Every structure is written in structure tokens, then in C-alpha cells.
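Report on the structure given below.
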Amino acid sequence: MKIALMDSGIGLLPAAAAIRRLRPDADLVLSWDPDGMPWGPRTPQDITERAVAVAEAAAAHEPDVLIVACNTASVHSLPQMRARFEPTLPIIGTVPAIKPAAAGGGHVAIWATPATTGSAYQRGLIEDFAAGVAVTEVACPGLADAVHHADEAAIEAAVASAAARTPEDVTTVVLGCTNYELVAGRIRAAVQRPDRPPLVLHGTAGAVAAQALRRIGAEQAPDAVADRSTLTVLLSGREATLPDTALTYDEGRFLQAVSPVR
């Protein structure tokens, strides 16, 4: 079994780690775009062109399924990617976890890139799944890029800025960019109020990993033998190893330890 994941940057690490935990024996292909990121400030057409190119690089390795582990690419490019690759290569998009967040009640904040915040796609999800629920969209300029580069000062500043624009009575935060899952603990600490119940965070890594396995009819098998599984890293189409920035995060270190690039 071979599972590919694509993103503009290292936001694919949480979903890749989730796949590795569910199927240690699966071969993984991680394809991202350091030459073109961040995608958030680009036009929808530019995003789609970059996303398709990154997906093409992954598809050349003949995976069984491709996870678009990027909210921005999913918002702007899923129809074009599915038209290009399916049915030969199933495509799994990443949708902000608005539905489960709204089901919990309370005031929901959606942290996302400027490209995703206010998009017709995200507004549609809010209308479909969060009718009657208080929802605040919080744009987080610079946070995805800071996480990608493991820039501690920039991460701290971007998280603090977004937290300051998040209402104090928020009970739930949707992490509407996969990069944000790499700093979920910092986001929780910044938004949590001392006199409020524990904040609920909703990411997507586990859900998209499980959906990818279902799509190809594979069972979850966390005890599967992993001694022959492989990890392939593609940086704007070039084969490489996991960058040092990826190894600053728990998910990157986990992937490196369990299945180093061969």
C-alpha cells in the first residue's frame, strides 16, 4: 500500500503521522512546494496550478490514494484535481472541521489563512453545518509561513495576533490550516481563558487519514509490521530528505524515527 500526501508546506506532517500510526506498513510519499509557498496570498488560479504540479510529482510514484493535506488547495482546487486524477487516483480533500465543532455547541472560532477565511467555500460550510451557532472567522496572516519555517518569533507573534482577535467567550477553535496543527498546544495556551472551561480544538489529520484508508478499502492496522515501509519526500518535485524544519516538530521526528527516507 502506498499513500501520498501533498501540501504547500509541512502542514502535511500531522496527517502523514496519523497514517503512519494507523498503517505502519504503508509506504508514504510526501510532496510539497518550497519553491512556491506560501500559497495563501496567491490567486485561485495560481494555487490550482501549483497544487496540480505538486500532485503530479506525487502521482508519478503511483500511490493508491492522494491526500490533499492543505485547506487552501482543497478550498480552491479540488474540482480541478479530481477531474485530472480520478478515478485512477482517488483524491481526499481536507475540509475545516466546522461540522463536529458546531455540533459541540458554544462559540466557535475558525482560525484559517487569509485565502480560506471568508471564502465562499468556508462560508458555505458555516451555512450548512453551523446554522444557529455563533461562529467567528479569524484570519491568521503569516502563521502558516512561520510554522513552515519553524520561525519561533514569527509563530509567537502570529498566534498572539490571532488570539487577540478571538472573542473571549469562544469554547472551540477549528484549526482551518493543516500547518496550525503543528502548533496546536501554543494556540490552546494563547486562547484559553483562566476562568473558562478547557478549550476544544478541532484539527483534520486523524479524519483524513481514516478517510483515505476507507476510500481504498484498507483496514486500520496499527500493529502491522513496519520494518519494510518507506518514506519518499518530494520538494517541488525533487527527491530529498525531511528538512531540518520538519524535524523541529513531534510529527516530523516521529516519521523520521519510524521510517527514515531511503
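The values are calculated or read from the model by the stated rules, or taken from the named source; none is laboratory data. On a predicted model such as this, the values are computed, not experimentally measured, just so you know. Backbone-built Cβ (ideal geometry, glycine too); neighbour counts: all protein chains shown. Calculation scope for accessible area: heavy atoms of the full protein, side chains included, ligands and nucleic acids excluded. Shrake-Rupley method; radii C 1.70, N 1.55, O 1.52, S 1.80 Å.
Would you compute the Debye intensity of the stretch 1-128 from its alpha-carbon atoms alone, equal scatterers and no solvent, and pass along log10 I(q)/I(0) at q = 0.16 Å⁻¹ to two decimals? Normalising to I(0) and taking log10 leaves -0.80.
Spin-label model, Glu152/Gln45: points 7 Å from Cα along the beta carbon direction are separated by 4.3 nm.
Just the Kirkwood number for the chain, please: inverse of mean 1/r across all distinct Cα pairs, in Å, one decimal. Spell out each step's value before the answer.
Values: mean 1/r = 0.0545 Å⁻¹.
About 18.4 Å for the chain.
Largest accessible area first, the listed residues Phe254, Phe85 line up as Phe254, Phe85 when surface is computed with a 1.4 Å probe on the assembled protein chains.
Its DSSP H runs of at least 4 residues, each contributing -39,500 (n - 2.57), put the calculated 222 nm mean residue ellipticity of the chain at -12000 deg cm²/dmol, to the nearest 500.
Cα-based radius of gyration for the stretch 178-230, normalised by 2.2 N^0.38 Å, reads 1.66.
Positive contributions from Lys and Arg (+1) and negative ones from Asp and Glu (-1), summed over other residues with Cβ under 14 Å from the Cβ of Phe85, come out at -1.
Can you tell me how much longer the chain between Arg214 and Ser236 gets when fully stretched, taken as 0.36 nm per residue apart minus their C-alpha distance, in nm with one decimal?
On the way: separation 22, 0.36 × 22 = 7.92 nm, distance 2.83 nm.
Roughly 5.1 nm would be gained on extension.
Computed over neighbours whose Cβ is under 10 Å from that of Gly36, the net charge equals -2, Lys and Arg +1, Asp and Glu -1. For the stretch 1-149, the solvent-accessible area works out to 35 Å² per residue, with a probe of 1.4 Å and every protein chain left in place.
Divide the volume of the convex hull of the Cα atoms of the stretch 109-262 by its number of residues and quote the answer in cubic angstrom per residue. Intermediate results must be reported in sequence, preceding the final value.
Working: hull volume 25.1 nm³, N = 154.
So the per-residue hull volume is 163 Å³.
Need one word for the stretch 97-158: rounded, prolate or oblate. Basis is the Cα gyration tensor (sqrt eigenvalues a ≥ b ≥ c); a/c below 1.5 gives rounded, then a/b vs b/c decides. Note, shape of the stretch 97-158 comes out prolate.
Between Ala184 and Val258, the modelled labels are 1.4 nm apart [label points 7 Å from Cα along Cα→Cβ]. Heavy-atom accessible area for Ile3, with the other protein chains in place and a 1.4 Å probe, reaches approximately 0 Å². Ranked from largest to smallest solvent-accessible area, with a 1.4 Å probe on the protein heavy atoms, Tyr121, Tyr249 come out as Tyr121, Tyr249. Between amide H atoms placed 1.01 Å from N, distances below 5 Å from Thr230 occur with Asp27, Leu28, all of them 5 or more places distant or on a separate chain.
Within the stretch 95-200, the GluC sites (Glu not before Pro) that combine a DSSP coil assignment with at most 11 other C-beta atoms in a 10 angstrom radius are Glu168. Kirkwood radius and radius of gyration were both taken over the C-alpha atoms of the stretch 116-199, and their ratio Rg/Rh is 0.97.
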